[in-house]
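The values are calculated or read from the model by the stated rules, or taken from the named source; none is laboratory data. Every value quoted in this text rests on a predicted model; they were computed, and no experiment measured them. Here the Cβ positions follow ideal geometry from the backbone for every residue, glycine too, while neighbour counts run over all protein chains shown. With ligands, DNA and RNA removed, areas are computed over all heavy atoms of the protein, side chains included. Shrake-Rupley method; radii C 1.70, N 1.55, O 1.52, S 1.80 Å.
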Amino acid sequence: MEPHSLTSRLVLIGSAASQAMSPALWNPVLARLGNGWRYEAWDVPPDGDLAQVRKDLLGPDMVAANVTMPHKHWAAETADAADESVRLSGACNLLVRAGERLEAHNTDITAARKLLGPTYQRHALLLGAGGAARAALISIRDNVGAVSIADRDPHASAELLELARELGLDAHAIMWEQARDAAADASLIVNATPIGKQASDPAAWGGAALAPDAVLYDFVYARHTTASVACADAMGIRCIDGWDHLREQAVAMVPLLGLDGEAGALLQETLIGLRDVH
């Protein structure tokens with residue numbers, strides 16, 4: 001990576017990047033660090049010019065790019081080098097510029113591993129089959145019994161099912177309409193869909209009763225409490241929400257960006273402030 005004085009830009013790439021919380025999280029931290037960096041949001045539609053995006057990411061003032069829906073697979077493919085988490089998952093949420101090369105990482109996996117820990121999951125239900133679901137799957141690969149995959153897109157479910165079976169997991173795909181019944185037996189329910197971003201959205205699995213030992217991992221963070229979290233809370237179910245995930249994946253970026261430990265503490269402090277406001 002270039003010396004800090006020669007690099008200054010972090011960006012978020014996604015179809016709705018400008019609606020994300022990342023700039024509001026990172027820019028106060030970067031200002032307090034005083035390194036001259038800034039964090040920007042780049043809205044890139046699904047059919048956007050990704051070749052030009054890659055070219056822009058190799059500019060001399062670029063540090064790295066976070067990548068969110070729907071470009072995590074593209075990020076993994078466009079990288080010149082990738083760590084094991086990206087190679088396993090086929091998804092990347094962080095591209096770090098190293099001279100004329102882009103290095104791919106997946107801090108979603110780091111965050112999920114940290115938040116879920118080594119607890120054995122007898123049955124995991126993955127709602128959604130995109131990059132976030134892949135991160136969850138990789139994070140539990142050594143501590144899970146059965147895995148059920150539900151997505152409204154059968155092709156996406158089939159791709160994630162193929163990955164799960166390549167990892168040697170006891171996995172199967174179910175119809176989206178079957179998720180309600182599957183949730184009742186699951187020890188881990190992962191909401192890796194956008195369901196919950198709108199205050200009017202229902203619980204991702206439909207709101208059916210969950211098992212007493214269940215854990216909800218809701219990737220969605222919003223200005224409101226999602227119905228998934230509210231429903232699980234009402235049942236006394238342990239909840240890991242999108243704010244928890246945002247914190248841990250940001251902290252996991254700190255060493256990859258060459259920042260010191262102070263940045264991690266500042267990120268956590270800033271996120272608490274943002275969450276209190278919202």
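Structure values in brief
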{"read-out": "Percentage relative contact order, segment 107-218, counting C-alpha pairs under 8 Å, at least six apart", "value": "28"}
{"read-out": "Segment 18-123, relative contact order in percent, only Cα pairs under 8 angstrom and at least six apart counted", "value": "19"}
{"read-out": "Neighbour cut-off at most 13 other Cβ (10 Å), DSSP loop, trypsin sites (Lys or Arg not before Pro), segment 183-251", "value": "223"}
{"read-out": "Label-point separation in nm, residue 61 to residue 101, each point 7 Å along Cα→Cβ", "value": "2.6"}
{"read-out": "Added length on full extension, which subtracts the Cα-Cα distance from 0.36 nm per residue, residue 19 to residue 275", "value": "90.6 nm"}
{"read-out": "Beta bridge orientation in segment 43-144: antiparallel %, DSSP, nearest 5", "value": "75"}
{"read-out": "Quotient of Cα Rg and 2.2 N^0.38 Å for the chain, N being how many residues it contains", "value": "0.98"}
{"read-out": "Average Cα contact separation per residue, the chain, under 8 Å, 6 or more apart, as relative contact order %", "value": "14"}
{"read-out": "Pairwise centroid distance, computed over Cα atoms, of segment 226-278 with segment 18-35, Å", "value": "14"}
{"read-out": "Cut-off 10 Å between beta-carbons: net charge of the residues surrounding residue 150, Lys and Arg +1, Asp and Glu -1", "value": "0"}
{"read-out": "Accessible area of segment 32-128 belonging to carbon and sulfur atoms, whole % at 1.4 Å probe", "value": "53"}
{"read-out": "Neighbour net charge for residue 137 - beta-carbon separation under 13 angstrom, K R +1, D E -1", "value": "-3"}
{"read-out": "Solvent-accessible area per residue for segment 1-81 (1.4 angstrom probe, square angstrom)", "value": "46"}
{"read-out": "Taking the convex hull of Cα positions in segment 1-123, its mean projected area over all directions (nm²)", "value": "8.7"}
{"read-out": "DSSP-defined antiparallel bridges as percent of all bridges, the chain, nearest 5", "value": "20"}
